[in-house]
Amino acid sequence: VPAFMISELRRAFEIGFLLFVPFLVIDMACAIARGVPWMGRQVEQGLVVYVAAESPASVKGRLQAYQIHHGVKVPNFAIVTAPVNLHSNEIDTEALILAVKQVERLAGMPAKLVVGDTLARLSAGANENSGEDMGLVVQRFDRIRAETGAHFLLIHHSGKDAAKGARGHSSLRAA
């Protein structure tokens, strides 16, 4: 097989996977919200709070597609559509924690998952290659996780060369 064909196939797979990841996250989040097995594994049912900082309309569309495909209405799934910046100061961190707690009260159940979509949008103004900037953002993710008791799943883009992995400071991989 000629090398150019292999590289084109590899790139097509990368693009296909990158397009698939948002649906994978929605699928997992909906399983948690519904309390149904995900990929053959039991989940602990709970509230899902999806911080749609990049494209709220896309998240709503994927959620709607999930509901149509499965023929269900997904309960316990809240989408935060307001801009959130976890780099500039503590205000948005505190507001997000309060929003999660408010939705928990309304839903009558604890949050199990907070999805941050995406790191770039949630850390506007930060230098993603700076340990200082990313350390601050990671501290705020940790605070959200600690104060809500929910897992914080962060969506982050790879660089232009997917073979090099995710963009940004190495502290992100350790977080």
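The values are calculated or read from the model by the stated rules, or taken from the named source; none is laboratory data. Keep in mind the model is a prediction, meaning the values are calculated, not measured. Cβ coordinates were reconstructed from backbone atoms using ideal geometry, including for glycine residues, and neighbour counts include every protein chain displayed. Remember, those area values only see protein heavy atoms, side chains included, never the ligands or the DNA or RNA. Shrake-Rupley method; radii C 1.70, N 1.55, O 1.52, S 1.80 Å.
Do we have Gln45 as assigned to a loop (DSSP other than H, G, I, E, B) and open to solvent by 30 Å² or more (accessible area, probe 1.4 Å) here? So Gln45 passes the test. Filtered by the rule that a residue be buried (at least 20 other Cβ atoms within 10 Å of the Cβ) and out of contact with any Phe, Trp or Tyr (no Cβ under 8 Å at 6 or more places or on another chain), the range 48-65 gives Val49, Val51, Ala52, Ala53. Of the candidates Val138, Val100, the single residue that is modelled with pLDDT of 95 or more and surrounded by 19 or more Cβ atoms within 10 Å (Cβ to Cβ) is Val100. When the range 83-94 is filtered for residues that are in contact (Cβ under 8 Å) with a residue 12 or more places away in the chain and open to solvent by 40 Å² or more (accessible area, probe 1.4 Å), the ones remaining, listed by number, are Pro83, Ser88, Glu90. Looking at this structure, is Met28 at pLDDT 50 or above, open to solvent by 80 Å² or more (accessible area, probe 1.4 Å) and among the aliphatic types (A, V, I, L, M)? It is false that Met28 is at pLDDT 50 or above, open to solvent by 80 Å² or more (accessible area, probe 1.4 Å) and among the aliphatic types (A, V, I, L, M). When restricted to residues that are hydrophobic (A, V, I, L, M, F, W, C), open to solvent by 20 Å² or more (accessible area, probe 1.4 Å) and over 16 Å from the mean Cα position of the chain (by Cα), the range 66-82 contains 2. May I ask you to list pairs of residues, at least six apart or on different chains, whose Cβ atoms are under 7 Å apart, with the first in the range 31-48 being on the phi < 0 side of the Ramachandran plot and the second being in a loop (DSSP other than H, G, I, E, B) and of a type in the set (Gly, Ala, Ser)? Pairs found: Ile32/Gly46; Val43/Gly35; Gln45/Gly35. When restricted to residues that are buried (at least 18 other Cβ atoms within 10 Å of the Cβ), within 15 Å of the chain's Cα centre (by Cα) and aliphatic (A, V, I, L, M), the range 103-135 contains 6.
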